[in-house]
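The values are calculated or read from the model by the stated rules, or taken from the named source; none is laboratory data. What you see is a predicted model; the values in this text were computed from it and never measured. Note that we place each Cβ from the backbone using ideal geometry, even for glycine, and neighbour counts take in every protein chain shown.
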Amino acid sequence: MLVRPVAGRLTERDVACWVLKSSRSPQEVAPGWRPGGPRRLERCVRRSYRLGLMRPGQRCLLWVSGRREPGVHALGTLTGPPDPAEPAPVLELELDLLAEPVPRADLLGDPAFAAAEVIRMPAGSNPSWLSADQLAAVLARLP
């Protein structure tokens with residue numbers, strides 16, 4: 001089932017997972033990061049109403065964009081709320097690096113995921129989001 005927020009504005013009910021995008025590989029984001037253990041990271045996010053929807057404990061993932069291995073590279077949770085008053089808000093996350101990324105090409109074949117914001121608006125700013133059906137498409141491709 002395709003979920004679209006009313007008038008383009010998200011609610012907490014719309015979001016099953018926050019998507020934090022990077023054009024850099026996980027090893028460039030956090031040198032020495034290996035699968036098998038959580039890693040605490042900070043990611044810059046755009047100041048918007050979405051920051052008010054973010055809570056510690058919510059699911060999140062790291063999406064790598066670009067030509068080298070685009071797709072989902074890590075899964076985890078938000079560990080701290082961003083401060084929307086900051087000129088450049090930072091979000092704290094704890095992520096587990098996947099042994100093998102979930103390729104963008106594989107996800108495009110899933111009708112639910114093909115409508116994901118990260119696909120429809122690849123140049124959009126952080127954070128993006130996934131619906132429950134879109135997150136299920138990612139999780140179904142994990143070992």
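What to note about this one:
- Members of the stretch 103-133 found to be among the polar types (S, T, N, Q) and assigned to a strand (DSSP E or B), listed by number: SER128
- Screening VAL72, VAL64, VAL90 for residues that are modelled with pLDDT under 95, among the β-branched types (Val, Ile, Thr) and in contact with a Pro (Cβ under 8 Å, 6 or more places away or on another chain) leaves exactly one candidate, VAL90.
- Matching residues, the stretch 9-28, being hydrophobic (A, V, I, L, M, F, W, C) and over 14 Å from ARG55 (Cα atoms): LEU10, LEU20
- Flag for SER131 being surrounded by fewer than 21 Cβ atoms within 10 Å (Cβ to Cβ) and hydroxyl-bearing (Ser, Thr, Tyr): no
- Enumeration of residues in the stretch 93-113 that are under 15 Å from the mean Cα position of the chain (by Cα) and either free of Cβ contacts under 8 Å to residues at least 40 places away in the same chain or more than 11 Å from ALA137 (Cβ to Cβ) (or both): LEU93, GLU94, LEU95, ASP96, LEU97, LEU98, PRO101, PRO103, ARG104, LEU107, PHE113
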